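Structure first, commentary second.
Since every read-out is calculated from the coordinates, none of them should be taken as a lab result. What you are looking at is a predicted structure, and each value in this text was computed from that prediction instead of being measured. Here Cβ is always computed from backbone atoms with ideal geometry, including for glycine, and neighbour counts include all displayed protein chains.
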Amino acid sequence: MHEMGIAQELVRIALESIPEDIDNPKVEKLNLKIGKLAAVVEHSLTFCFEIITKDTPLEGAVLDITEVPVGIRCKGCNRQWEVDQPAFQCPNCQEAEVEMISGREIEIISIELAE
Ligand SMILES: [Zn+2]
């Protein structure tokens, strides 16, 4: 279950980004961006997150996950498109030199603190 490692990394980044001058900070929500190919099981991630955030400013925070589609770019004609699965050929010029430009990311977009 690699979600535990991901949860730990997210918690580390989130804790670091809380401004130091706030007393008893409490995080309400973490907005995340997760690529379709990152192979993250949402409920596993939420489960791990709940375990490791006990007694931290992140306890009880909601994970709001936006799924990022797989983005492909053709090196021949520069066309960009989105797919459900990795693609290896451009539908426009049939060029096989394509690269994946999104779909594997796991990122924190923003952190919402309680007032
Ligand atoms: Zn092309």
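Judged by the gyration tensor of its Cα atoms, with axes a ≥ b ≥ c, region 1-94 is prolate; a/c meets the 1.5 cut and a/b is the larger of a/b and b/c. Can you figure out the FRET efficiency of E99 with T56, using R₀ = 41 Å and their beta-carbon distance, to the nearest 0.05? For E99 and T56, the calculated efficiency is 0.60.
Rounded to the nearest 500, the helix-only mean residue ellipticity at 222 nm of the chain stands at -7000 deg cm²/dmol, with each DSSP H run of n ≥ 4 adding -39,500 (n - 2.57). Region 92-115 and region 16-79 have Cα centres separated by 13 Å. Helix 3-16 axis versus longest C-alpha principal axis of the chain: approximately 60°, rounded to the nearest ten. Under the criterion of Cα pairs below 8 Å and six or more residues apart, the relative contact order for the chain equals 35 percent. For D64, D21, the sequence from fewest to most other C-beta atoms within 10 Å is D21, D64.
Close amide H pairs (under 5 Å, H built 1.01 Å from N) link V62 with K29, L30, residues at least 5 positions away or on another chain. Taking the longest Cα principal axis of the chain as reference, the axis of helix 42-52 is set at about 30 degrees.
Rounded, prolate or oblate: pick one for region 54-96, where a ≥ b ≥ c are the square roots of the eigenvalues of its C-alpha gyration tensor, a/c under 1.5 means rounded, and failing that, prolate if a/b is larger than b/c, else oblate. It is prolate, given that a/c is not under 1.5 and a/b is the larger ratio.
The mean sequence distance of close C-alpha pairs (under 8 Å, at least 6 residues apart), as a share of the length of region 40-86, puts its relative contact order at 23 percent. Run the reach check for K36 against lysines, Cα to Cα strictly under 20 Å, same-chain hits fewer than 8 apart removed. What comes back? Filter leaves no residues.
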